[in-house]
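The values are calculated or read from the model by the stated rules, or taken from the named source; none is laboratory data. For clarity, every value in this text was computed on a predicted model and none was experimentally measured. Methodologically, a virtual Cβ is constructed for each residue, glycine included, from the backbone with ideal geometry; neighbour enumeration extends over all protein chains shown. When the accessible area is computed, the model is the full protein with side chains, heavy atoms only, and any ligands, DNA or RNA have been set aside. Shrake-Rupley method; radii C 1.70, N 1.55, O 1.52, S 1.80 Å.
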Amino acid sequence: MRLVASLLMVSVALTACSSEDDGDPQSTPQVPAQPSGDGSTGTGPTDPVLTGKPRPSASADGVRVVDTVATGLEAPWGLDFLPNGDAVVTERDSRRVLVITSGRTREIGVIDEADPREEAGLLGVAVSPDFATDSTLYFYVSTPTDNRVVRASYDGSTLGATEPILTGIPNGFIHDGGRLVFGPDGNLYVSTGETGDQDMAQDPDALGGKILRITPDGKPAPGNPDPSSPIWSTGHRNVQGLAFDSDRRLWASEFGSQAFDELNRIEKGANYGWPLFEGSGGAPDYTDPQVVWRTSDASPSGLAWADGFLWMASLRGERLWRVKVEDGVASDPTDFFVGKYGRLRTVVLAPDGNLWLTTSNRDGRGDPAEADDRILVVSPS
């Protein structure tokens, strides 16, 4: 059975000690049935959930760092590419928006309304799919009163004033979500967290603990489960990774609490179970993850799609995971760079087919090296 995480006797501990560094072994509750590491979870031979395990081999399988395009950054969080190949980067705590051109980094603006504290601040960024005509960038911002999605024009030199398009997303010191990605349908998908208030994830009237789907103007997108609501899926704890595969399927990486982090395939209107469940088990009204990890091996943030694989950056796990996807089924989780670069926050497919991978060692929880934080260029094969 799935881990029942909403018992009164453990609910306070789950909320208080869990964040991007999840996993306090002193307060880990008993787990009724845990993944065995061989692809089973003890619920029967038909259980499809896999367990990501560290590899015993040090083989890199051709995956390697081939360049470093930026150093000395301050907790980079969001990353996306302009049509001309320049990269737009956000720094969570400094509130700066940067552009990287041919290995040179420059500041194009500061988003003053951002309120950095713990895991909150200036988070995700997404480039408009119509940037060539509208010159618009989208940001996920933690303010003193809420999390919100804003947009601003970029003229190639300076970032313009921000315009809020979706406000009132609950915020907190932890579990703020923050990832933005435009889908193949032209709509903007937004991940939110439950801010440590577990029940929010199941509250149909709260925007926290959800994945949202909105138009570029911030309205509920046509075809949403509730036409008047931006909510696309529910029952999430803290999603910080969103990626579409080549078959237009949406995937999300999600922080667990005491036992299991998750990789979920996101379906319209589906409920992913938090806080009733953590991990897998097949409850009829909830959708199971496809892969789970021990929190010590993952604590996942960014997610990207490249060459038939999902690539997942891990904070506490200090590694990059590669997960094969075939016919909508995830398999063969494989880890790279274990402990070599410290905490890894965001991974994005670059226009040249390489991956850009950011470190997050200056976020208050890492051990920064002299050049941190960095953006590494990774050849995926």
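Here is a yes/no grid of residues against (1) buried (at least 17 other Cβ atoms within 10 Å of the Cβ); (2) out of contact with any Lys or Arg (no Cβ under 6 Å at 6 or more places or on another chain):
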| position | (1), (2) |
| --- | --- |
| Arg64 | no, yes |
| Trp77 | yes, no |
| Asp80 | yes, yes |
| Val97 | yes, yes |
| Gly121 | yes, no |
| Asp130 | no, yes |
| Thr136 | yes, no |
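From the list Asp245, Asp285, Asp261, exactly one residue is touching a Phe, Trp or Tyr at 6+ places or on another chain (Cβ under 8 Å) and farther than 28 Å from Asp134 by Cβ. Which is it?
Result of the check over Asp245, Asp285, Asp261: Asp261.
Here are some residues: Asp285, Asp327, Asp307, Asp352. Which one is under 22 Å from Pro184 (Cα atoms), surrounded by fewer than 23 Cβ atoms within 10 Å (Cβ to Cβ) and at pLDDT below 95?
None of the others qualify; the one that does is Asp307.
Check whether at least one residue in the stretch 42-54 is open to solvent by 20 Å² or more (accessible area, probe 1.4 Å), modelled with pLDDT of 95 or more and charged (D, E, K, R), and report yes or no.
No, the stretch 42-54 has no match at all.
Somewhere in the stretch 372-380, is a residue farther than 28 Å from Ser102 by Cβ, in contact with a Lys or Arg (Cβ under 7 Å, 6 or more places away or on another chain) and of a type outside the set (Lys, Arg)?
The answer is no; no qualifying residue exists.
Within 22 Å of Ala70 (Cα to Cα), among the hydroxyl-bearing types (Ser, Thr, Tyr) and crowded, with 20+ Cβ neighbours inside 10 Å: is that true of Ser301 in this structure?
yes
Determine the pairs where a residue that is assigned to a strand (DSSP E or B), located within the stretch 352-372, has a partner that is β-branched (Val, Ile, Thr) with Cβ atoms under 6 Å apart, the partner being 6 or more residues away or on another chain.
Filtered contacts from the stretch 352-372: Leu355/Val347; Leu355/Val378; Trp356/Val348; Trp356/Ile375; Leu357/Val347; Leu357/Val378; Thr358/Thr346; Thr358/Ile375.
Output the residue which, of all residues in the stretch 188-206 that are in contact with a strand residue (DSSP E or B) (Cβ under 8 Å, 6 or more places away or on another chain) and surrounded by 23 or more Cβ atoms within 10 Å (Cβ to Cβ), is farthest from Pro170 (Cα to Cα).
Leu188
I'm told Val291 meets every condition in (1) open to solvent by 10 Å² or more (accessible area, probe 1.4 Å); (2) touching a Gly at 6+ places or on another chain (Cβ under 7 Å) except one. Can you identify the failing condition by its number?
The failed condition is (1).
Could we say that Lys340 is open to solvent by 10 Å² or more (accessible area, probe 1.4 Å), part of a strand (DSSP E or B) and free of Cβ contacts under 8 Å to residues at least 60 places away in the same chain here?
Here the answer is no, as Lys340 does not meet what is asked.
Would the stretch 227-241 turn up any residue that is at pLDDT 95 or above, more than 19 Å from Val149 (Cβ to Cβ) and of a type in the set (A, V, I, L, M)?
There is no residue in the stretch 227-241 that is at pLDDT 95 or above, more than 19 Å from Val149 (Cβ to Cβ) and of a type in the set (A, V, I, L, M).
Condition first: of a type outside the set (A, V, I, L, M, F, W, C) and touching a Leu at 6+ places or on another chain (Cβ under 8 Å). Now tell me which residues in the stretch 95-138 satisfy that.
Hits for the stretch 95-138 are Arg95, Arg96, Thr105, Arg106, Glu107, Gly109, Pro116, Gly124, Ser128, Tyr138.
Under 6 Å between Cβ atoms, at least 6 apart or on separate chains: pull out the pairs that start in the stretch 64-78 with a residue that is more than 11 Å from Leu357 (Cα to Cα) and end on any residue that is at pLDDT 95 or above and open to solvent by 50 Å² or more (accessible area, probe 1.4 Å).
Glu74/Asp93; Glu74/Arg362; Ala75/Asp93; Ala75/Arg362
With respect to Asp93, is the statement that it is closer than 20 Å to Gln240 by Cα, surrounded by fewer than 20 Cβ atoms within 10 Å (Cβ to Cβ) and at pLDDT 95 or above true?
So Asp93 fits the description; yes.
Look through the stretch 271-282, keep the residues that are more than 16 Å from Val239 (Cβ to Cβ) and surrounded by fewer than 23 Cβ atoms within 10 Å (Cβ to Cβ), and return whichever of them is modelled with the highest pLDDT.
Leu276
Does the stretch 294-315 contain at least one residue that is hydroxyl-bearing (Ser, Thr, Tyr) and either part of a strand (DSSP E or B) or over 20 Å from Glu20 (Cβ atoms) (or both)?
Looking for residues that are hydroxyl-bearing (Ser, Thr, Tyr) and either part of a strand (DSSP E or B) or over 20 Å from Glu20 (Cβ atoms) (or both), one finds at least one in the stretch 294-315, hence yes.
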